[in-house]
Amino acid sequence: MLHRRSTGSQDDGVAWANGRASDDRSQGQSLVEFALVLPIVLLLIVGVGDMARIYTTMITIESAAREAADFGSYGSNNWSAENRESTLAAIEERACVASRHLTDFEGTRTTCSNPEVNATLLLPGGAPATESSGCDQADRAGGPCRVQVDLDYTFDLIVPIALDFNGVRYGFPENVTFRRTAIFANSDFQLVE
C-alpha cells in the first residue's frame, strides 16, 4: 500500500486517486498483454511437441522398415515360388508389430494400412526381380538379390494451423506423410560346426 505525505493542499485527494488509478491501469495492461501473448506461447509449445512427435515417429517407422527388410533378407529360400507369399506376409507382420504403438497406427498385428507396407525383391543392379531371376538360389551368380521395404506413414498433427486466403492454403497441413525405406542384401549364413 502506498503512503503519501500530506502537503496540506486540497489536491492531495486528487493525487491519491490518480496514483491508485494509475496502478489499476498498469495491472489491467499487464493482464491484456498476458492474454495476447499466452495463445502464441501455447501454440509454440504445442508446435515443438508436434515436431518431437514427428521425429520419434520417423525413427520408429525407420526401425520397423529395417526390421521387416532384415527378416525378408534372411535366407534365399524365402523367395522361392512356394514361400514368396508367406515371406511377404511375414514382412508386413514384422513392420506392423514394430509400429503398432504409434498414435496414428491403423490395422492389426498381422496387417496394417498406416503404415502402408511395400516389399520388393531387387536384382543386384536395382531392377525388380521376378520369380525366374534366381533370387531363391544361395549360390546365385552376379551377387545377392536385395530386399527393399518401403513404409508410408501418415502422421496427424495435434494443431494444424492453416489459413485459406483466395483459394490458397497457408500454414501447416492437417497431416504429414513420409516414407522410410530399408534395403538389405539377401544372406545365407550357415553355422559351421
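Computed quantities for the displayed model
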{"quantity": "From the C-alpha gyration tensor of segment 77-138, square roots of 5λ in Å", "calculated": "27, 12, 8"}
{"quantity": "Net lengthening on full extension, VAL97/ARG84 (0.36 nm per residue, minus Cα-Cα)", "calculated": "2.7 nm"}
{"quantity": "Rg ratio (alpha-carbon, reference 2.2 N^0.38 Å) - segment 92-193", "calculated": "1.55"}
{"quantity": "Cut-off under 5 Å, modelled amide H: who pairs with LEU157 long-range", "calculated": "ASN175, VAL176"}
{"quantity": "Nonlocal amide H pairs with LEU122, under 5 Å, H built at 1.01 Å", "calculated": "ALA129, ARG146, VAL147, GLN148"}
{"quantity": "Spin-label zone in segment 57-91 - amide nitrogen under 18 Å from a point set 7 Å from the Cα of ILE158 along the C-beta vector", "calculated": "57-59"}
{"quantity": "Computed label-point distance, nm, for sites LEU36 and PHE172 using a 7 Å Cα→Cβ extension", "calculated": "2.4"}
{"quantity": "Gain on full stretching of the segment that runs from ASP70 to GLU106 - 0.36 nm per residue minus C-alpha separation", "calculated": "10.7 nm"}
{"quantity": "Mean accessible surface per residue for segment 47-193, computed with a 1.4 Å probe while every protein chain stays in place, in Å²", "calculated": "59"}
{"quantity": "ARG179/GLN27 FRET efficiency (R0 41 Å; Cβ-Cβ; nearest 0.05)", "calculated": "0.15"}
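The values are calculated or read from the model by the stated rules, or taken from the named source; none is laboratory data. Here the structure is a predicted model, which is why all the values come from computation and not from measurement. Methodologically, a virtual Cβ is constructed for each residue, glycine included, from the backbone with ideal geometry; neighbour enumeration extends over all protein chains shown. Remember, those area values only see protein heavy atoms, side chains included, never the ligands or the DNA or RNA. Shrake-Rupley method; radii C 1.70, N 1.55, O 1.52, S 1.80 Å.
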